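First the structure, in the form of structure tokens, and then the observations on it.
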Protein chains: 2
Amino acid sequence: MRRLDSTSADFQSELTALLAFETSQDPQVDQRVAAILADVKTRGDAAVVEYTNKFDGTSASSMADLELTQAELKAAFERLPADQATALQAAAARVRSYHEKQKMSSWSYEDEDGTLLGQQVTALDRVGIYVPGGKAAYPSSVLMNAIPAHVAGVAEIIMVVPTPKGERNDLVLAAAYVAGVSRAFTIGGAQAVGALAYGTQTVPQVDKITGPGNAYVAAAKRAVFGVVGIDMVAGPSEILVLADGTTNPDWVAMDLFSQAEHDEIAQSILLCPDAGYVDAVYASIEKLIDTQPRKDIIAASLKNRGALIVVKDLDEACEICNYIAPEHMELSVENPEALLPKIRHAGAIFMGKFTSESLGDYCAGPNHVLPTARSARFSSPLGVYDFQKRSSLIKVSEVGAQKLGQIASVLAHGEGLTAHANAAEFRLK
Amino acid sequence: MRRLDSTSADFQSELTALLAFETSQDPQVDQRVAAILADVKTRGDAAVVEYTNKFDGTSASSMADLELTQAELKAAFERLPADQATALQAAAARVRSYHEKQKMSSWSYEDEDGTLLGQQVTALDRVGIYVPGGKAAYPSSVLMNAIPAHVAGVAEIIMVVPTPKGERNDLVLAAAYVAGVSRAFTIGGAQAVGALAYGTQTVPQVDKITGPGNAYVAAAKRAVFGVVGIDMVAGPSEILVLADGTTNPDWVAMDLFSQAEHDEIAQSILLCPDAGYVDAVYASIEKLIDTQPRKDIIAASLKNRGALIVVKDLDEACEICNYIAPEHMELSVENPEALLPKIRHAGAIFMGKFTSESLGDYCAGPNHVLPTARSARFSSPLGVYDFQKRSSLIKVSEVGAQKLGQIASVLAHGEGLTAHANAAEFRLK
């Protein structure tokens, strides 16, 4: 595993190389995706069924074969072992309760001339949530995408989840039931994104598509952006642990593993001013890795993209964190509140030694759909606000029209837009 | 000008045809843009200077020639006629005051176990605002992009504005001065988007790019989305006037003109249940069009994309409006408050006969950067919230770790993620 020292002359270039990840589009993927999208737009259901049979190894004869009924979702929930059913409901309740705090409301005020200004907040009508299938089928992602939409007041939540070789995941279906998904289709890839974006005979057109997926899904979402809204283009998952050396090194090692086990290209980084503690975490990694069923993935991820970084002090660690803008950030220190104001860019901040990232992933309440690949510099966790939008409200009073009309007239003439100016001038007495 | 009747059997297909606008990407534009972006990413300043000289007919020898100093911005403001200077400052003050109401704050709460949950809200560090140059140089757009960023607390606001043939627009430069732009470059097109997204030797890399532009700018923004944030992909401007027949028809005609004068592909639509009033507005259009310096553009826009639509009643008009999800929506009725709850999708709602859209464009306060092409179904006016972002906050108490750890452990094992489960289990007593 890579070990860096922030005092080394090459540190900045080493850090840049560590973070480098080709997020740009692959023209070949783009082309194939464009062809699939065009086909789905033109032929609808027939195209979706064909691509699904081809890519997912299914043998559907119509879209009806690819729709899950509410009864099927409910039955999946009822088949769950009691501990899973309880855990799923407990997680859903906590996620719901947290997200209710995010709900935006309409607002307005009147200025001194009696002109009303504000914004009306409304929910989206219908959204699509993309849930990856196959080896990375995550019921928790169903909760994290559907519950905020539900809290926002979205009337219809359409889930798509591919079922390679027809294999359904009961926990995913149960999560859809618990989260209040309206309709669910066992489709995936660019064809599912196209079906949601354009609508087909069976799949209704949505207003926004959220949820992570592979390179084809990401390319398809980028391509349909504008026709529908999208949440973000997700990259590999990342964790940055900023430690002061007071947390049990085994705990930190396991937190680094829990990111690394997602994927060979996931990234786990430790920042700590105490070189001895870094040694201890490394020893824990060596000791614990063989206990892990996914140790090959963990080892590859830590080797390819992981790093243990010795820093000068905690302030420098915060600066490095802001540069990295990690998706997940653990402030595994005695007094996280003291450092918090220095952390400007991170998707989620897990404070104190008891806050393992995995608690946040499942059930603490906040969303686990978070900005990756340095995009926490400019974007936010998925939230209720992603399923609401605002309309500006302006009601100019007769008095206000006189004052505003003068200003608008001058500026509109300055821009050479006479009709704009005249429209304002007509309202002058 | 097209005249439709909502009771006609073909109405829905006529409406769909009216709204149809090919927003999808042009592969040729995409390819040229990709080449420019790659070149700017590799060669930086040198590439930007070359493309600028080539496309804008300038003769810069280095990026230094393409940077505007603060002194130049200030001098442009000081050269303005007094009425323009006053109007610009008055508009800026109103826009600032409205946007201050949008500023989001951090929030948090503790649950019954003493676990802290919330979100920390921070400003973006540095943003780029794209201001179109040439024939559509709009100083008001400088205010509408820069002021929300400034209110959000963005430390550096970088403006790019092309100056075809070197022609600078004093009002644009003055607006940059008034709005608090940090640095300004006279560059445009895909090369300006690339410079902002990747950074060059001279142009600093930004975290987000906002502002409208032509097809090349739109394609470039779409391509760099992910590397930086973007606001939206802007389409042609639109207005929908929903009238009950009580507003002076000349006023409504001029409001339709003020959208149509932007562009031959801009769209102006009137919805009204009173056929006689629709006739009167049409008569006003015929009477007033010759008074307009931009009458050719207005006539082309109204002919190609405009429509006067007679509807059954105001409720139906609201439904049609929600389908159209217009960028600008005038509720030109006696009692706009009564209809407001029925309008779910619109970028901005201009209520009452005194509220011409042009007052909102310049100085009422709300932003004039609004979702186009039906995207008001899922997106919002540009605002302070576009220049802030959130980090989730989670600080699990020791008690909370016991309860949450059980839930997370069950769900993580259910997803086959043992390290996630172990990280939670390690925190159990």
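The values are calculated or read from the model by the stated rules, or taken from the named source; none is laboratory data. Computed from a prediction, not measured in an experiment: that's the story for all the values here. All Cβ positions, even for glycine, are placed from backbone atoms using ideal geometry, and neighbour counts span all protein chains on display. The area values use the complete protein model at the heavy-atom level, side chains included, leaving out ligands, DNA and RNA. Shrake-Rupley method; radii C 1.70, N 1.55, O 1.52, S 1.80 Å.
One table, with the values for the structure above:
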quantity	calculated
Failed criterion for A:His368 (all others in (1) open to solvent by 10 Å² or more (accessible area, probe 1.4 Å); (2) under 30 Å from A:Leu143 (Cα atoms); (3) away from chain B (no Cβ under 11 Å) hold)	(3)
Residue satisfying condition, being without any contact (Cβ under 8 Å) to a residue 24 or more places away in the chain, of a type outside the set (A, V, I, L, M) and in a loop (DSSP other than H, G, I, E, B), within set B:Ser8, B:Ser13	B:Ser8
Scope region B:222-260; condition part of a loop (DSSP other than H, G, I, E, B), modelled with pLDDT of 95 or more and on the phi < 0 side of the Ramachandran plot; matching residues	B:Asp244, B:Thr246, B:Thr247, B:Asn248
Subset tally (residues that are among the small types (Gly, Ala, Ser) and either crowded, with 22+ Cβ neighbours inside 10 Å or part of a loop (DSSP other than H, G, I, E, B) (or both)) for region A:290-317	3
Considering residues of region B:413-422 that are without any contact (Cβ under 8 Å) to a residue 12 or more places away in the chain and part of a helix (DSSP H, G or I) only, the residue most open to solvent (accessible area, probe 1.4 Å)	B:His413
The lone exception for B:Arg390 - which of (1) in a loop (DSSP other than H, G, I, E, B); (2) open to solvent by 10 Å² or more (accessible area, probe 1.4 Å); (3) within 9 Å of chain A (Cβ to nearest Cβ); (4) in contact with a Ser or Thr (Cβ under 7 Å, 6 or more places away or on another chain) it fails	(1)
Checklist (1) crowded, with 23+ Cβ neighbours inside 10 Å; (2) within 24 Å of the chain's Cα centre (by Cα); (3) under 21 Å from B:Val384 (Cα atoms) applied to B:Ala87, failing item	(3)
Filtered residues of region B:341-358 (kept if open to solvent by 10 Å² or more (accessible area, probe 1.4 Å), under 22 Å from B:Thr372 (Cβ atoms) and within 7 Å of chain A (Cβ to nearest Cβ))	B:Arg344
Per-region count, region A:186-209, residues closer than 20 Å to A:Asn169 by Cβ and surrounded by fewer than 24 Cβ atoms within 10 Å (Cβ to Cβ)	0
Qualifying residue in region A:92-112 (condition: among the β-branched types (Val, Ile, Thr) and out of contact with any strand residue (DSSP E or B) (no Cβ under 8 Å at 6 or more places or on another chain))	yes
Only listed residue being in contact with a His (Cβ under 9 Å, 6 or more places away or on another chain) and farther than 24 Å from B:Pro212 by Cβ, chosen from B:Thr115, B:Thr69, B:Thr122	B:Thr122
Counted residues, region A:318-363 - those being in a helix (DSSP H, G or I), under 30 Å from A:Ala90 (Cα atoms) and among the aliphatic types (A, V, I, L, M)	2
Exclusive hit being crowded, with 24+ Cβ neighbours inside 10 Å and under 29 Å from B:Thr16 (Cα atoms), set A:Ala179, A:Ala175, A:Ala220	A:Ala220
Some residue of region B:77-90 being more than 11 Å from every other protein chain (Cβ to nearest Cβ) and in contact with a strand residue (DSSP E or B) (Cβ under 9 Å, 6 or more places away or on another chain)	no
Selected residue (criterion: most open to solvent (accessible area, probe 1.4 Å)) from residues of region A:262-289 that are at pLDDT 95 or above and of a type in the set (Asp, Glu)	A:Glu286
Test: A:Arg94 is in contact (Cβ under 8 Å) with a residue 60 or more places away in the chain and under 30 Å from B:Ala408 (Cα atoms)	yes
Qualifying position, being buried (at least 17 other Cβ atoms within 10 Å of the Cβ), over 26 Å from the mean Cα position of the chain (by Cα) and under 23 Å from B:Gly166 (Cβ atoms), among B:Thr69, B:Thr58	B:Thr58
Residue within region B:109-127 that is touching a helix residue (DSSP H, G or I) at 6+ places or on another chain (Cβ under 8 Å), in a loop (DSSP other than H, G, I, E, B), modelled with pLDDT of 95 or more and more than 9 Å from chain A (Cβ to nearest Cβ) present	yes
Condition met for B:Ala35 (within 13 Å of chain A (Cβ to nearest Cβ), in contact (Cβ under 8 Å) with a residue 60 or more places away in the chain, part of a helix (DSSP H, G or I) and among the hydrophobic types (A, V, I, L, M, F, W, C))	no
Residue under evaluation B:Arg377, criteria (1) more than 7 Å from chain A (Cβ to nearest Cβ); (2) open to solvent by 10 Å² or more (accessible area, probe 1.4 Å); (3) within 30 Å of B:Gly213 (Cα to Cα), criterion not met	(1)
Selection status of B:Pro366, touching a strand residue (DSSP E or B) at 6+ places or on another chain (Cβ under 7 Å), closer than 30 Å to A:Ala197 by Cβ, of a type outside the set (Gly, Ala, Ser) and part of a loop (DSSP other than H, G, I, E, B)	yes
Top-ranked residue of region B:394-412 - restricted to ones that are open to solvent by less than 10 Å² (accessible area, probe 1.4 Å) and touching a residue at least 24 places away in the same chain (Cβ under 8 Å), ranked as farthest from the other protein chains (Cβ to nearest Cβ)	B:Gly400
Qualifying residue in region A:158-171 (condition: over 19 Å from the mean Cα position of the chain (by Cα), surrounded by fewer than 24 Cβ atoms within 10 Å (Cβ to Cβ), in a strand (DSSP E or B) and acidic (Asp, Glu))	no
Pairs with Cβ under 6 Å, 6+ apart, first in region B:213-229 and farther than 21 Å from B:Tyr138 by Cα, second of a type in the set (D, E, K, R) and assigned to a strand (DSSP E or B)	B:Val228/B:Lys208; B:Gly229/B:Lys208
Test: residue in region B:2-22 that is more than 30 Å from B:Tyr282 (Cα to Cα) and either among the acidic types (Asp, Glu) or within 14 Å of another protein chain (Cβ to nearest Cβ) (or both)	no
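For every residue, the table says whether it meets (1) within 25 Å of the chain's Cα centre (by Cα); (2) at pLDDT below 95; (3) β-branched (Val, Ile, Thr).
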site	(1), (2), (3)
A:Ser13	no, yes, no
A:Phe21	yes, yes, no
A:Pro27	yes, yes, no
A:Gly44	no, no, no
A:Lys54	no, no, no
